[in-house]
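A.B. asks: Before we start, here is the structure in question, set down as C-alpha cells.
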Amino acid sequence: MPSSPATPDQSLEPIGAVQRTQVGREATEPMREDIRLLGTILGDTVREQNGDEVFDLVERARVEAFRVRRSEIDRADMAKLFDDVDVHRAIPVIRAFTHFALLANVAEDIHRERRRRIHEAAGEPPQDSRLDATYLKLDDAGLDAGAVADALAGALVSPVITAHPTETRRRTVFDTQHRITELMRLRLHGHDTTPDGRDVEQELRRHILTLWQTALIRLSRLKIQDEIETGLRYYEAALFEVIPQVNAEVRAALQQRFPEAGLLEQPIVRPGSWIGGDRDGNPNVTAEVVRLATGNAAYTALAHYFAELTGLEQELSMSARLVHITDELAALADSCHEPARADEPYRRALRVVHARLTATAQQILDRQPEHELDLGMEPYAAPGELLDDLDVIDASLRANGSAVLADDRLGRLREAVRVFGFHLSGLDMRQNSDVHEEVVAELLAWAGVHSDYTSLSEDDRVEILAAELATRRPLTSPDADLSELARKELDIVTAAARAVHVFGPQAVPNYIISMCQSVSDMLEAAILLKEAGLLDASSEHPYAPVGIVPLFETIDDLQRGSSILEAALDLPLYRGLVSARGDSQEVMLGYSDSNKDGGYLAANWALYRAELELVESSRKTGIRLRLFHGRGGTVGRGGGPSYDAILAQPPGAVQGSLRITEQGEVIAAKYAEPRIAHRNLETLLAATLEATLLDMEGLGDLAGSAYEVLDDLAARAQRAYAELVHDTPGFVDYFKASTPVSEIGALNIGSRPTSRKPTTSISDLRAIPWVLAWSQSRVMLPGWYGTGTAFEDYVGDGDDAEARLQVLQDLYRRWPFFATVLSNMAQVLAKSDLGLAAHYSELVEDEELRRRVFDKIVDEHARTIRMHRLITGHEDLLADNPSLARSVFNRFPYLEPLNHLQVELLRRYRSGDEDELVQRGILLTMSGLATALRNSG
C-alpha cells in the first residue's frame, strides 16, 4: 500500500479458493500496477507528512496483514500490534488504510474500462447488460411491433436517490477522487501529461496530498439541506450529460427496429428523489425543507438550461446573408429587437428563448441562476412551451442542411428539457401509516365527523374515509386548533401542492405510505392529499396529480399486498382516482424491513411471491402495475448486481417500467462521473427491456413445483432466522456489544435517527444501521443467515436426499431468480470473515451469551457455504463474479488493520475513555471499512 509490496509477488498470493491462472494474472496485472502506483504515492505522502514512525507502523500493519492471509501468523498476533497503541498514532494509520481503499476503488473502476476496451477492440460480441447485446436478443426474438408498443406504453426507468444516504465521503473528498480518476484515465490512454502539459504522476501526487490533508468525516451531523445539495451534485457531475444521451440512443435504436410502433414518445429514463420528501421517522423534514428540495431541484434544472443557451448563442452565429431559415424561425427571432444582431436570426431566436426562460425563473424560483437575460418578455407557462421554441430552431437547422448542428448542443438541450422539465426530478413524499392514522383521527374529530376514529373497525374506517373523499368539504381550516404533528403534516403536504402548481405535476409524482397494512392506510393518505388540494374524487373527472403508493415491507404485509390492492380497487372512488392516472398503479416493495423481519431467503421469496400475486391482481382488475423496488446498497437490503436482479423478477412484473432506490456510496459508485453513469443506466435499460419483452423466468410448466419448493425453503429459513434473531435470549445485547451499532448514531453520514422509535427493539431499528453494523464486524448476517439450515433441512439425510439436492441444483441452473439469490448470497459470504468476527465477539462481556450466539453464527456460516457448494458445484464462492473476486483478493488484507483498530478503540471507548480522538477514530474506521467494502447499509 504505502510502498511497493515487500516481495514482488506478495499481492498475487491466492486467497481461499480464489485461484489465479497465468492468463488471469496477465489480465489483471495492469490493475495491480495502478494499485501499486497509487499505494506508493500514498505511502510517500504519509512518510512526508507524518514521519517515519507513523509510516513504519502503517507498513508493518500492511505486511502483517498479508502474513495473516498466507496463514504465516495467527490473527491474534496481528491484533497485538495495536494493543495500547497511542490514539495519535492510530488515527493516521486508519486514515492511510482508508485512503488506500478509496484509491483501490479508482483502480478497479479504471480496470473495468480497460477490460471493456479490450473486449471491444477484439471484436467480441457485446456482453450481457449492454444495450447492444439486448438489441441482438430482440432482433432474434422476432417480436411483433404492436405487442412491443403495448408493452412499452408509458415505459419508465427511474433511479431514485433516497433520503437516507450512507455515503461517508465529503464533497471535497468526492471532487478530489474524481480528479484522480481523470488522471488515471489519462494513463489508461497512454498519456504522461495532462492536456495543459502537466506531468500526470506529479498531478497524482498533488491530489493525493490534498486528499491526505482533507478531513474524511464531518465534525457535525449532516443536515437535510446538505443531503439535498449532495444529491443534486450528481446532475452537473454526470446526469445532465448522460440521461439525455441515453434516452436519445435507446429511442433511436427501438424506433429503427419498430418504426410503426411510435415508441418512447416520452423519455424512458426519468430520475427521482426522496431527499427532502421522505419524513418517515425523520422529524427534520418540514414544509420549508420540501420547498427547499423542490426549489433547489428546479434551480439546478434552469441553471443548466441557461448555461446551455449561453453556449448556443455563441455557437449558432449563422448570418441570414449566408443561410436560409424557416418562417417559424424568423417569427421567433423577430421578437428580439437588437440591431447589432439583425442578420443573426438564430442568436436572436435564442435570446428570445433565454429572455422568456429568465422571466420563468423570476416567477417560479426563490433565487436566480447566472446568465439571466431580462428583456421584459412573458414567461413560459410550462416546459412544453420552451420545447416548442427549441423545436422551431431545430427544424430550421435541419431544413437548411445543418442537422449536424442540430444534433449537438441543441439536441442535448431539447432532450434535457423533455426529461427534466422545470422540476429536474420527481420528489416522492413518504410517511408512516401510523402517523397518517393519528393525524386523520384528529382531523375527523375536529370536524365533528367521528370522535374516536382509531377505535373503529377496518370496514367502518373505509366507509368514513370514502364518504369524506367523495365530498369537497375540507376537514380543517387555517385557524383550526391542531396538534403540532397534524399542523406539520398538513403544512408539508401543502408545500408539495405548491411544488406541483409551480413546477408541474412531475415535481411530486408519488405519495408513499410506509408500513401500509390496509385499505384505510391508503385512504388516510388520500385524505391528506385532498386537504392540500392534490386530490378531488368528488366529480366524474377526478383530479389526482399525485399517485398513492402503498409500501409493503414486512413479510406478512408482502403476503397480503395483493388483497389490499384489490380491495382498494373494488372501491369505485379509489378506482376512479387510478383511472384518472391512466389506469396506472404503483406499488412499492420494501427489501430492507422484510429482510430484517424474516431473513435473507424468506424475504427474497416473499418479495417474489408478492410480485406474482400483484401481477395477477393487475391482470384481473385491468390496471397497469408499476413496481418500485426499495433496494439498498447491500445484499442484506436488496442490493446486488442490478441487471441480474431485474431479470430475476417474475413474469409480468416489469411491464416496461422500473423504479428503484439508489443510496449512499452506491450513488457515488454509479453516478459520480459520465462514463460510469452511462454504463449503469444502460444496465437498467437493458434489463428492463429484456424482462419486459422476453421470457426470462425459464421455468415453463415447472413453475408451480418450483414455487412450492421455495415456499418450503423460505419457511424453513425464516424459522432458523427467527430462532436466532427474535427468540434467542440476549441476542439484542449480543448485537449491541459485538458490533458498533450504538456508535453508528454518531457517524455524521445522514440526518435521520438510527431508530424509528426510541426503543431497543430490532423491529424499530432502521435497516441501515442493522446492516451496517453487521458489515463492520464482518459477520454480514442479514445477507445469509438461515439459508444454510433451510437447504440442509430440505435435502435431509434420507433415501431421497440425493433427489432433493438435484431439485435444487436444477433450479439453480434453470431459474434466474434462484441463481441470483445464491450468487448474491455468495458475494456476502465472500466478504464475511468470521475470524475477525470472533475478535468483535470478545467485546461481549457475558461469556456464556457470547458463546451461545456466536457459536450459532459460526455453525450456520459453515453450513451455508457447504450447501452453496453442493447446489452450485462451485468450490469458489465468487466463481461467477470474477471482478469481485479480484477486488476481494487485492484489497481485503488492507481491511484487516481497520477492523483490529476498530475493536481496540471500541473497547477503550466503552470502558470510559473520553478522549475525543478515540471516538473520532471509531468513526474513521467505519468510514474506511464502508469505503473498502463498497457498501455499508
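Laboratory data are not the source of any read-out in this text; all were calculated from the coordinates shown. Just so we're clear, the structure is a prediction, and the values are computed from it rather than from any experiment. Ideal geometry is used to build each Cβ from the backbone, glycine not excepted, and the neighbour counts take in all protein chains shown.
A.B. asks: Test of understanding: extend the Cα→C-beta vector of GLN559 to 7 Å, then name every residue of region 501-534 with backbone N under 19 Å from that spot.
C.D. replies: Hits in region 501-534 for GLN559 at 19 Å: 515-519.
A.B. asks: Further, regarding this structure: FRET efficiency for ASP388 and ALA76, Cβ-Cβ distance as r, R0 = 51 Å, nearest 0.05? Let's see the in-between values first.
C.D. replies: Working: r = 72 Å, r/R0 = 1.42.
Calculated value: 0.10.
A.B. asks: Per 5 Å bin, what is the whole-percent P(r) computed from every C-alpha pair distance within region 377-478?
C.D. replies: P(r) for region 377-478, in whole percents per bin: 2, 10, 14, 12, 8, 6, 6, 7, 8, 8, 7, 6, 4, 2, 0.
A.B. asks: Could you give the length gained on full extension between ARG198 and SER538, defined as 0.36 nm per residue of separation minus the Cα-Cα distance, in nm?
C.D. replies: 115.6 nm
A.B. asks: Same structure, new question: Roughly speaking, what is the centre-to-centre gap between region 247-300 and region 774-812 when only Cα atoms are used, to the nearest Å?
C.D. replies: Region 247-300 and region 774-812 have Cα centres spaced 40 Å from each other.
A.B. asks: Right, something else. Among ALA149, ILE208, PHE552, whose Cα sits farthest toward the positive end of the charge dipole of the chain (+1 at Cβ of Lys/Arg, -1 at Cβ of Asp/Glu, about the Cα centre)?
C.D. replies: Highest projection toward the positive end goes to ILE208.
A.B. asks: Can you give the charge dipole size of the chain about its Cα centre, rounded to the nearest 20 debye, using +1 on the beta carbon of Lys and Arg and -1 on the beta carbon of Asp and Glu?
C.D. replies: 1700 debye
A.B. asks: With only Lys, Arg, Asp and Glu charged, each at its Cβ (+1 for the first two, -1 for the last two), find how big the charge dipole of region 428-630 is about the Cα centre; round to the nearest 20 debye.
C.D. replies: 860 debye
A.B. asks: Assuming R0 = 25 Å, what is the FRET efficiency of GLU708 and LYS620, from their Cβ-Cβ distance, to the nearest 0.05? Can you show the working numbers first?
C.D. replies: Numbers: r = 23 Å, r/R0 = 0.90.
With a Förster radius of 25 Å, E is 0.65.
A.B. asks: Expressed in nm to one decimal, what extension gain is obtained for the pair GLU48 and ARG205 from 0.36 nm per residue of sequence separation less their Cα-Cα distance?
C.D. replies: 55.4 nm
A.B. asks: Starting from the 7 Å offset along Cα-to-Cβ, what nm value, one decimal, do you get for the label separation of ALA147 and VAL63?
C.D. replies: Result for the modelled spin labels: 6.7 nm.
A.B. asks: Measure up LYS223/LYS670; LYS488/LYS670; LYS596/LYS856; LYS488/LYS620 against 28 Å on the Cα-Cα distance and list the ones that go over.
C.D. replies: Correct reply: LYS488/LYS670; LYS488/LYS620.
A.B. asks: Name the residue farthest towards the positive end of the dipole of region 290-420 from the options ASN400, ILE325, VAL353, assuming +1 on Cβ of Lys and Arg, -1 on Cβ of Asp and Glu, about the Cα centre.
C.D. replies: VAL353
A.B. asks: By how many nm would the segment from LYS137 to ALA447 lengthen if fully extended, with 0.36 nm per residue of separation less the alpha-carbon distance?
C.D. replies: Once the chain is fully extended between LYS137 and ALA447, it gains 105.6 nm.
A.B. asks: How big, in percent, is the set of alpha carbon pairs in the chain lying more than 44 Å apart?
C.D. replies: Numbers: 148771 of 438516 pairs.
In whole percent, the long-distance tail amounts to 34.
A.B. asks: So, one more: Of GLY921, GLN827, VAL858, which is farthest towards the positive pole of region 822-937's charge dipole, taken about the Cα centre with +1 and -1 on the beta-carbons of Lys, Arg and Asp, Glu respectively?
C.D. replies: GLN827
A.B. asks: Then there is this: Once you put a point 7 Å from the Cα of ASP701 and another 7 Å from the Cα of GLN363, both along the Cβ direction, what distance in nm separates them?
C.D. replies: Between ASP701 and GLN363, the label points sit 6.4 nm apart.
A.B. asks: Let me ask something additional. Go ahead and collect, in residue order, the members of region 705-740 whose backbone nitrogen is under 14 Å from a label point 7 Å along the Cα-Cβ direction of ARG804.
C.D. replies: Residues 709-717 qualify, since their backbone N sits under 14 Å from the label point.
A.B. asks: State, in angstrom, two size descriptors of region 290-420 derived from its alpha carbons: Rg to one decimal place and Dmax to the nearest whole number.
C.D. replies: Cα radius of gyration and Dmax of region 290-420 are 14.5, 51 Å respectively.
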